[in-house]
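The values are calculated or read from the model by the stated rules, or taken from the named source; none is laboratory data. The structure presented is a predicted model; accordingly, all values stated were derived computationally and were not measured. With ideal geometry, Cβ positions are generated from the backbone for all residues, glycine too; neighbour counts draw on all protein chains shown.
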Amino acid sequence: MNDKPDFTFIIASSVHDMKNSLGMLIHSVDELCERLPPELKDALNVSTIQYEAQRVNNDLIQLLGLYRLHNEMFNLSIDEHHVTDIFQEQLAHYRDTLASRSVTLQYDCDEELTGYFDREIVIGVLNNALNNATRYTRSQILLVASACEGGVLLEVHDDGQGYPEQLLKTEPGKALRGIDFHTGSTNLGLYFASRVAELHQQGDKKGNVTIRNGGRLGGGVFSVYLP
Amino acid sequence: MLSSFGAQQIEMASNAEDALEKCRYDFYDVIICDFNLGPGKNGQQILEELRYRKRLRHTHLFIMITAETAKDVVLGAREYQPDAYIAKPITRTVLEQRLGQLLLQQKALKGINREIDLANYPKAITLCHQKIDEKTRHQSWCYQTLGSLYIKTGDLQSAESIYRNALATRELPWARIGLGQVLLLQQKYQLAQQCFEQAIGHNPNLVEAYDGLSDTFLKQGQSKAAQTMLEQAVALSPRMVTRQEKLGGLSLTNNDLEHAALAYKMAAQYAENSVYDKPDYLLSLGKCLAEWSEGDLSEAGRQRAQEAIAALDRAVDRFSSDENACLCAMLIQARVHAGQGEQTTAEELLYKFECSQDEEAKLTPTTYLEFARTLYSLGHRQRAEELLIEMSARYAKQADILSQIESLMDEPEGVEARVRAKELNRSGITLFEQGRLEEAVDAFRAALNHTPRHAALNLNLVQVALKLFKDSQQHEHLKIARDALDQVRHIPTQHQQYKRLHHLIAQVEKHTQHSELTRAPDTGAASPGDA
C-alpha cells in the first residue's frame, strides 16, 4: 500500500463536508427569509444569495458525482417517474428566485408522460441547466418534455443569446477539455450531465446530452435524452 | 408551514419517544420524520418500530427527511420503505410539491391499500386490475403491488407472469428481484441465482438481491457462499439488526468465529434504541469471543477476552431485569476467565451462579445449556454430563433443545477441535469404505483425540474394530471396541445414537463370549456414519 494519501479522496471528503455545511446555510437563509417582510427581501437582494448558494451547491453535488463516476462508485437507482412531477418540483424550487429576476418559468409536458431514470440525479442535471439558463436568459424559460425512441427527451429552452459558437462545436462528453480560463467557465455541468445521461442505458440505447441554439424561445436549448 | 398546505390537525413530537407515544394512540395520515433526532432513536428506528408494532397502515404516508447522504444511512432507511425519502436542504415549496404528489397518489390508491391493511388480498388484487384498466398514472405501482400480493396469496404462477411481463419491456429492479423471489419459492435455485445476480449486475446497491442470493445458496446447502452474500448485504446496509443476527448465526454454522463476533457486535450496536433490541446479541458476542480467546494467552487473545468481559458486563448493565440473561452473562464470563487460565475467578463465578440458582429462579433451557457448557469448560465433565442427561429427559419432546444437548454432549470442545475431528472422521469413513481398516482405526482414534466423547465417532471406531476382529480374531481389536463403547455408555435414551450404541454393545458382547469358539456370521451392519 502507498502511504501517500489519495488526493482526490481528500478533495471529495472536503467537498462532501462543504456541501453539508452549505446545505445548513441554505436552510438557515431560507428560514431567515420566511421571517423577513417582503420589502426587506428585495432590498437585501435575498434572491441573489439564494441563487448563488444554490449554484455552489449544485457544483458541489456535481463534483461529488464526478468523483464517484471516476471511482466507479456511481450507481443509479432507476425507476419510473412522471415528468410533470419533476417539472412541477422545479417550478416550485425556482419560483422565488426567478420571480425576483422577472423571469417566467413554464413547462410543456403531457400529464401522463413517464420516463425511467434516477430521480435525484436527473433533477440535479436539470437544476444545473436551469441555473445556467437563469443566468443567461432574458425573460423566459420553458421546460419541454416529449416521448422519444422509447424514452424521454427533456429540454430547457431560454430566450437569451444562446450558447457560444465554440461550445456548440464541442461534444458535451468531452466538454472538460475546453476549460476557458478567461470566462471562468469550466463546462463542468455539461460534462457531468453528459456522463450521467450515458449511464442511463436501455437495450442498445444510451442516454445523451446535446446543446443547440434556437428552439421555442430562440435562445439556448439544453436537451437530455434518457432511453 | 404545514398548516398553510391545508392540514387540519397537526401534532409535533419533539423526540422519538414522544412520536412513538403519539402513534400508539392515534393513526396519522402523514408522518414527517427527520432521520437525525439527537440522542435516542433515529428516524429509521421509528419507522422500524411503527412497522413492527403495526402502527403504520398502508393508507398512511411516512416521509423521511434527512441531511444524511451516507450510504449506510440512506440504504438502511430505505429498507423499511418510507413512502418518500427527501434530502435536505428542503424548501417549503419543494415539500409542498412532494407532499401534494404523494397525497394525490395516496388518495387514488386508497381503496387498494385499505384492502391490503385488512389482509383482504383477493379484493386488493381485483382492485389493482381495475386500476390498471383505468389506465391512470399508477400502473407501475399497481403491477408492483400485484406481484407481491400474488406471492402473499401463494399464486406464484401469476406473480411470475407479472414480473416477466414487466421485464419484457425493460430491466426493472423490482421486477427482477420479484422474479428471483418467485423462482426461489418454486425451488428453481439455479434460475433464482441467475436472476439475483443479474439484478446486482444492474445495480450493486440492491440489498434485497444479496438477501435473495444468500437464501438461494442456503437452500442449496452452500452455507459458506450464503454467508459471503449476507456479508455483502451487511456491508451496504449495516443498520438492519435482523440481518446482522442472521449473519452471526450463519457464521457460527460455518465455524467462523471472527465473522460471527463481528456480526453480533454490529447487531448489538445498531439494536440500541431499536425495537429489536435484546440481550442475545451481546451474549452471543461474549460467547464467540470466549471461545475464540480460549487458551490463547497472546496479546490478541487477552484483548478478545477483555472485550468479551466488557460485552457481557454491558449485557448485564442494559438488561438487568432479565434474570436469565444476567445469569448467562455470568456463566460465559466464567468461561472467559477459565480460558485465560484464571481458574479461581472462574470457579468463583460458577459458585455465584449456583448460589443464585437456589432462589426459585425460573431458568430457561438456554441458561441450563450455558451452565453445562461452563461446567465442561471448567473441567467438571461428569457434572456437565449429568446435567445434560437430566435435561434430555426434561425436554424429551423439544427436538431443537435435544439436538443442542446432543451436540454439546458429543463435542464440548472448541471450534478447532470440532473441525479437526470432523475431517479425521470423514477420512476414517473413506478408508473404511476402501477396506483399509487398520488405517481407518487410526483416523478415528486421531479424531477422538480431539473430541473423546463424541458418540457417533466412538461408535464408528467400535464398528471398524469389530470388523477387524472378525477377520483377525485378535483380542487387541476387541479391546479397542470395548474402550470406545465405554466413552459412550452415558448417553441418554433420547440421543440419536442410542439405538446404535445398544446394537453394538450386543455385538461386542457376543463376540467377547464366543470369540474363542466360532466366528460369528456377519450381521451386515451398516457402514460407519458421518458424525
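Worth pointing out:
- A count restricted to the range B:4-17 and to residues that are closer than 25 Å to B:MET240 by Cβ and part of a helix (DSSP H, G or I) stands at 2.
- Residue ranges of helices (runs of 4 or more DSSP H) in the range B:172-231 with at least 1 members over 21 Å from the mean Cα position of the chain (by Cα) and under 24 Å from B:ASP256 (Cβ atoms): B:189-202
- Of the residues making up the range B:150-166, one or more are within 26 Å of B:LEU179 (Cα to Cα), more than 31 Å from the chain's Cα centre (by Cα) and buried (at least 18 other Cβ atoms within 10 Å of the Cβ).
- Scope the range B:179-199; condition buried (at least 22 other Cβ atoms within 10 Å of the Cβ) and within 25 Å of B:ASP72 (Cβ to Cβ); matching residues: B:GLY180, B:GLN181, B:PHE196, B:ALA199
- Listed by position, the helices (runs of 4 or more DSSP H) enclosed by the range B:404-509 include none that has at least 3 residues that are farther than 27 Å from B:ARG383 by Cβ, in contact with a helix residue (DSSP H, G or I) (Cβ under 7 Å, 6 or more places away or on another chain) and of a type in the set (Ser, Thr, Tyr).
- Unique match (being modelled with pLDDT of 75 or more and assigned to a loop (DSSP other than H, G, I, E, B)) among A:GLY218, A:GLY184: A:GLY218
- All conditions in (1) closer than 30 Å to A:GLY207 by Cα; (2) assigned to a helix (DSSP H, G or I); (3) within 9 Å of chain B (Cβ to nearest Cβ) hold for A:GLU34, with the sole exception of (1).
- Of the numbered criteria (1) at pLDDT below 85; (2) among the hydroxyl-bearing types (Ser, Thr, Tyr); (3) under 30 Å from B:ASN205 (Cα atoms), the one A:TYR94 fails is (3).
- Matching residues in the range B:263-292 - criterion: being of a type in the set (Gly, Ala, Ser), assigned to a helix (DSSP H, G or I) and under 23 Å from B:GLU17 (Cβ atoms): B:ALA267, B:ALA268, B:ALA271
- B:ALA119 passes every criterion in (1) hydrophobic (A, V, I, L, M, F, W, C); (2) away from every other protein chain (no Cβ under 14 Å); (3) in a helix (DSSP H, G or I) apart from (3).
- Residues (assigned to a helix (DSSP H, G or I) and either on the phi > 0 side of the Ramachandran plot or away from every other protein chain (no Cβ under 14 Å) (or both)) located in the range B:133-145: B:ASP133
- For first residues located in the range B:200-226 and away from every other protein chain (no Cβ under 14 Å), partners that are modelled with pLDDT of 90 or more and part of a loop (DSSP other than H, G, I, E, B) and lie 6+ apart or on another chain with Cβ distances below 6 Å form the pairs B:SER223/B:ASN254; B:LYS224/B:ASN254.
- Residue match in the range B:188-198 (condition: in contact with a helix residue (DSSP H, G or I) (Cβ under 7 Å, 6 or more places away or on another chain), within 14 Å of another protein chain (Cβ to nearest Cβ) and closer than 27 Å to A:LEU226 by Cα): no
- Filter result (outside any strand (DSSP E or B), without any contact (Cβ under 8 Å) to a residue 60 or more places away in the chain, closer than 26 Å to B:GLN130 by Cα and more than 10 Å from chain A (Cβ to nearest Cβ)) within the range B:65-101: B:GLN81, B:PRO82, B:ASP83
- When B:ARG335 is tested against (1) in contact (Cβ under 8 Å) with a residue 12 or more places away in the chain; (2) more than 14 Å from B:LEU283 (Cβ to Cβ), exactly one condition is not met: (2).
- Screening B:ALA329 against (1) under 13 Å from B:LEU375 (Cα atoms); (2) among the small types (Gly, Ala, Ser); (3) touching an Asp or Glu at 6+ places or on another chain (Cβ under 8 Å) leaves a single unmet condition, (1).
- Exactly one residue out of B:TYR143, B:TYR121, B:TYR150 is touching a Lys or Arg at 6+ places or on another chain (Cβ under 8 Å) and farther than 26 Å from B:ILE32 by Cβ, and it is B:TYR121.
- Of the numbered criteria (1) without any contact (Cβ under 8 Å) to a residue 12 or more places away in the chain; (2) under 24 Å from A:THR114 (Cα atoms), the one B:LEU146 fails is (1).
- Residue list for the range B:260-287, filter: on the phi < 0 side of the Ramachandran plot, surrounded by fewer than 24 Cβ atoms within 10 Å (Cβ to Cβ) and of a type outside the set (A, V, I, L, M): B:LYS265, B:GLN269, B:TYR270, B:GLU272, B:SER274, B:TYR276, B:ASP277, B:LYS278, B:PRO279, B:ASP280
- Where B:VAL316 falls short, out of the listed (1) under 22 Å from B:GLU413 (Cβ atoms); (2) touching a Cys at 6+ places or on another chain (Cβ under 6 Å): (1)
- Single residue of B:LEU47, B:LEU37 found to be buried (at least 18 other Cβ atoms within 10 Å of the Cβ) and part of a loop (DSSP other than H, G, I, E, B): B:LEU37
- Cross-chain or 6+ apart pairs with Cβ under 6 Å, the range B:316-328 first and aromatic (Phe, Trp, Tyr), then surrounded by 19 or more Cβ atoms within 10 Å (Cβ to Cβ) and at pLDDT 90 or above: B:PHE319/B:PRO279; B:PHE319/B:ALA325
- Number of residues in the range B:77-130 that are within 35 Å of the chain's Cα centre (by Cα) and within 26 Å of B:GLY147 (Cα to Cα) equals 22.
- One residue stands out among those in the range B:146-171 that are within 14 Å of chain A (Cβ to nearest Cβ) and assigned to a helix (DSSP H, G or I): the one that is farthest from A:ILE78 (Cα to Cα), which is B:ALA168.
- Candidates B:ILE151, B:ILE177 - the one that is under 30 Å from A:LYS206 (Cβ atoms) and of a type outside the set (Asp, Glu): B:ILE177
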